[in-house]
Amino acid sequence: MLCSVISSQPAPLPSGSAVAGRFPRDATRPLVVPSMHSARFCNAAYPSTLVSLLSNSKGNQRLFIRVRSSIFEGHGLSHGDDEFTTDDPVKDSVKQSEKVLEMERRLRQKIIENRKIIRSFLDDSTFTKEKISAHDKVHSSLSDRKISTEENGSDEQQERPPDERELHTSQPCAVHPVRVEMSNSFVEIDDNLEISGETNNQGSDEQQELPPKEGNLDTLSQSHTNMLPVLPEDPEVSYSFVAIDDNLEISAETNSHGLDEQQLVPPAEGNLEFPQHHIMVPVLPDISDTFVLIDENLQISAEANSQVLSKRQEETLEEENLESSPLAGSNVMNVILVAAECAPWSKTGGLGDVVGDLPKALARRGHRVMVVVPKYGNYLEAKEVGVLKRYKVDGQDFEVRYHHAYIDSVDFVFIESAAFRHIGNDIYGGNRRDVWKRMILFCKAAVEIPWYVPCGGACYGDGNLVFIANDWHTSLLPVYLQAYYRNNGLMIYARSVLVVHNIAHQGRGPLEDFSCLNLPDHYVDLFKIYDPVGGEHLNMFAAGLKCADRVVTVSHGYAWELKTSEGGWGLDRIIKEIDWKFQGIVNGINTKIWNPKFDSHLTFDGYTNYDLETLQVGKAQCKAALQRELGLPVRDDVPIIAFIGRLDGQKGIDLIADAMHWFVGKDLQLVMLGTGRADLEYMLRKFQNEHPNKVRAWVGFSVELAHRITAGADVLLMPSRFEPCGLNQLYAMMYGTVPVVHAVGGLRDTVQQYDPFSETGLGWTFDTAESHKMIDAVSHCLRTYQNHRESWEALQVRGMLQDFSWDNAAQQYEQVLVAAKYQW
């Protein structure tokens, strides 16, 4: 198939001058702007007809066409038929200009919308020597072509009145307006296609599916020799080229604005069996009317090969992804997550896990993500970037260096300073003023990273930038962003989100310590808060909550609790005031690390990996291996109840201590893993010594043992007094371990009470932090375990089927980031 497109810019006409051309202008008729209708021309804009097939240095042949207005003479389309003609030439010009501008706007919009459709035809094929030699035999001639919008081989043409604006002449080639790209691009279309295009009397677009005539495909190879005549290059006209593959069928018809619409449909049967032919079609990147000269043996129809299209879409998918992210361009963010800890380098609790996993999920959604944490030790993955900065904190100068590592599509930036060295895992250790200094220095260095620290050869900059600060340790970052930058006309488009993981820790201090924050005096009001016990004091968390553009906490239940006097820890009034920008998002878990099917800690010492299909056998094997490792009697008929967590009052370990007499009186085994308060550690050792066959206490923390206990235990006990989100109950359900929890915070959101009548729910809950309530919930759990095995196994399966991945949480965080971006 041969297609070609051309247009040229009309030369400006001096006011009142006669138009050069075949028809002299009536001197009494005012000049008007050329009509942009697809079949109406101003003689001045198209003074001559010129058609040629040009061969370039590589032998590729390119077709250029100009259309003389006289072609349309006799069809009601002469130069004297311009629209909007009145007695006022100024009004005429204004109306015509408005029409031209509107047409240009719509054409550009149509071009943008159809770029992907055009690119789907990309192919790497080129002309064969046989085609080139055949093309060279044909020179300038229109005498053997036929302009027609009907199917090739049709015996008769349908007659229409001239005002329908169809192009009917005795010329042998069809002229069709088509959509063009504004930049040079290539599209390939097979020439085993059929071309049909008709324009109705309103100029609206109509697409007809015209099947090929029998035997039409057999003559396609000969049709390639019927090329169009050669035209010398016009220096005033610039062209871009489109390579058209000839196994696809295209329908291009003209709407009222001269725009074409292409629709892809399956090809005629047998199209794929013919060799492909590729034709370079010149396209003029111009907004004026553009025309295509089409070979008479081909038909444009609304059918295309869907099989070929799907293959080419796969080939071009990678190329398109380079140009646009998976999300809408305006919503793709530069995200900088700032925290005091990040697993696996530094971790004291669930915060480290969140900071290690959430950024990777955001990166998978197409965002550019960076994590900023202090450098507490020697991290082999991180390389120094060669940036040195100095900051003053409380009258003391601190030198800061930056280290960078790129892991799982996330930039990890570690801030090195003498203030962070040799801390190890005692991240929050030292006196209150020393901890304040470290966090002030950290926030000052973190807020300037988008400008000074290159990642992948380029800094993040402040465009589409959102900081995610975590807990009180980084709550100064929204304050510094506002005070130092946004209030001074810098980083005005940067936004901040503050995530509340545990509001019990707030960064409190006396009013006298405000001077070490290096903030303007009037900012002290943001930090002031009154405590009935301690009186008026500074509170870093309070200032961060007020200055952040959005505030998130780690579960819906905890978000509700923070608005109560009991759960708000003195900040409930502020949280109620900012309720409009406050919401809860349940944390996710890393399903690659916490997954019984792939858990590397279950591959030796008698443990085994398992999934839903092998749940009962695999979990029984892990249970026996755990009993052997901990020195407990190996019995498959007794349930193992496990506790994993920090040993302090928040985690409710004292409730277990109060109920110890009940536990040891039952036929069960109790396993506890954790570290914390010295008195609670001593208590666990004492219980183990008193009941060696029923109680095991591992004082300390072991990641490997935590995985193995989660896999081998039957029940996970979480009696926390408050739990913002909680991760252990999510881990437990992933491993088929049934949770028994205090219904607070995230535990309320993630563990639904088991209902034996409807066989729904994921575990057992108790509503108050009292030992007898906990004992009642555990009793119901053990009764189901011992007497209703089918219900128990169904509970395990439902837990393993839950989706706790970070991808769900990341999608909700993404909505918060976009909302923060458009907040002013």
Could you say whether any residue in segment 420-443 is under 17 Å from residue 459 (Cβ atoms), surrounded by 13 or more Cβ atoms within 10 Å (Cβ to Cβ) and touching a helix residue (DSSP H, G or I) at 6+ places or on another chain (Cβ under 7 Å)? no
Among the residues of segment 381-396, is any within 19 Å of residue 339 (Cα to Cα), part of a loop (DSSP other than H, G, I, E, B) and at pLDDT below 95? yes
I need a count of the residues in segment 615-647 that are surrounded by fewer than 15 Cβ atoms within 10 Å (Cβ to Cβ) and within 41 Å of the chain's Cα centre (by Cα). 2
Within segment 657-687, how many residues turn out to be of a type in the set (S, T, N, Q) and either in a loop (DSSP other than H, G, I, E, B) or modelled with pLDDT under 95 (or both)? 1
Being without any contact (Cβ under 8 Å) to a residue 40 or more places away in the chain, within 30 Å of residue 559 (Cβ to Cβ), touching a Lys or Arg at 6+ places or on another chain (Cβ under 6 Å) and outside the structural domain of residue 350 (by TED's automatic domain parsing), is that true of even one residue in segment 648-657? yes
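Only residues that are farther than 11 Å from residue 337 by Cβ and either surrounded by 20 or more Cβ atoms within 10 Å (Cβ to Cβ) or not polar (S, T, N, Q) (or both): list them for segment 362-380, please.
Once the filter is applied, which keeps residues that are farther than 11 Å from residue 337 by Cβ and either surrounded by 20 or more Cβ atoms within 10 Å (Cβ to Cβ) or not polar (S, T, N, Q) (or both), segment 362-380 yields 364, 365, 366, 368, 374, 375, 376, 377, 379, 380.
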Among the residues listed as 483, 504, the single one being over 24 Å from the mean Cα position of the chain (by Cα) and under 22 Å from residue 554 (Cα atoms): 504
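What helices (runs of 4 or more DSSP H), lying completely within segment 695-790, carry at least 2 residues that are hydrophobic (A, V, I, L, M, F, W, C) and within 37 Å of the chain's Cα centre (by Cα)?
703-712, 728-734
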Residue pairs qualifying under the 8 Å Cβ cut-off, at least six apart or on distinct chains, with the first in segment 778-796 being closer than 20 Å to residue 710 by Cα and the second being surrounded by fewer than 18 Cβ atoms within 10 Å (Cβ to Cβ) and basic (Lys, Arg), are 782/666
Which residues, counting only those in segment 529-549, are surrounded by 23 or more Cβ atoms within 10 Å (Cβ to Cβ) and of a type in the set (Gly, Ala, Ser)? 542, 543, 544, 548
Which ones in segment 766-796 are among the hydrophobic types (A, V, I, L, M, F, W, C) and touching a helix residue (DSSP H, G or I) at 6+ places or on another chain (Cβ under 7 Å)? 766, 769, 774, 775, 792
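Residue-wise test of (1) among the aromatic types (Phe, Trp, Tyr); (2) without any contact (Cβ under 8 Å) to a residue 12 or more places away in the chain; (3) assigned to a helix (DSSP H, G or I).
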{"site": "576", "(1), (2), (3)": "no, no, yes"}
{"site": "583", "(1), (2), (3)": "no, no, no"}
{"site": "586", "(1), (2), (3)": "no, no, no"}
{"site": "591", "(1), (2), (3)": "no, no, no"}
{"site": "595", "(1), (2), (3)": "no, no, no"}
{"site": "598", "(1), (2), (3)": "yes, yes, no"}
{"site": "604", "(1), (2), (3)": "yes, yes, no"}
{"site": "610", "(1), (2), (3)": "yes, no, no"}
{"site": "613", "(1), (2), (3)": "no, yes, no"}
Can you tell me which residue within segment 440-480, out of those that are under 20 Å from residue 550 (Cβ atoms) and of a type in the set (Gly, Ala, Ser), is farthest from the chain's Cα centre (by Cα)? 475
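One residue is enough: does segment 351-373 have a residue meeting the conditions on the phi < 0 side of the Ramachandran plot and part of a loop (DSSP other than H, G, I, E, B)?
Yes, segment 351-373 has at least one match.
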Taking segment 330-375 and keeping only residues that are under 25 Å from residue 417 (Cα atoms) and of a type in the set (S, T, N, Q), one is left with 346, 348
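Within segment 486-493, can one find any residue that is surrounded by fewer than 24 Cβ atoms within 10 Å (Cβ to Cβ), among the basic types (Lys, Arg) and touching a residue at least 12 places away in the same chain (Cβ under 8 Å)?
Checking segment 486-493: not a single residue is surrounded by fewer than 24 Cβ atoms within 10 Å (Cβ to Cβ), among the basic types (Lys, Arg) and touching a residue at least 12 places away in the same chain (Cβ under 8 Å).
The values are calculated or read from the model by the stated rules, or taken from the named source; none is laboratory data. For clarity, every value in this text was computed on a predicted model and none was experimentally measured. Neighbour counts run over all protein chains shown; Cβ positions are idealised from the backbone, glycine included.
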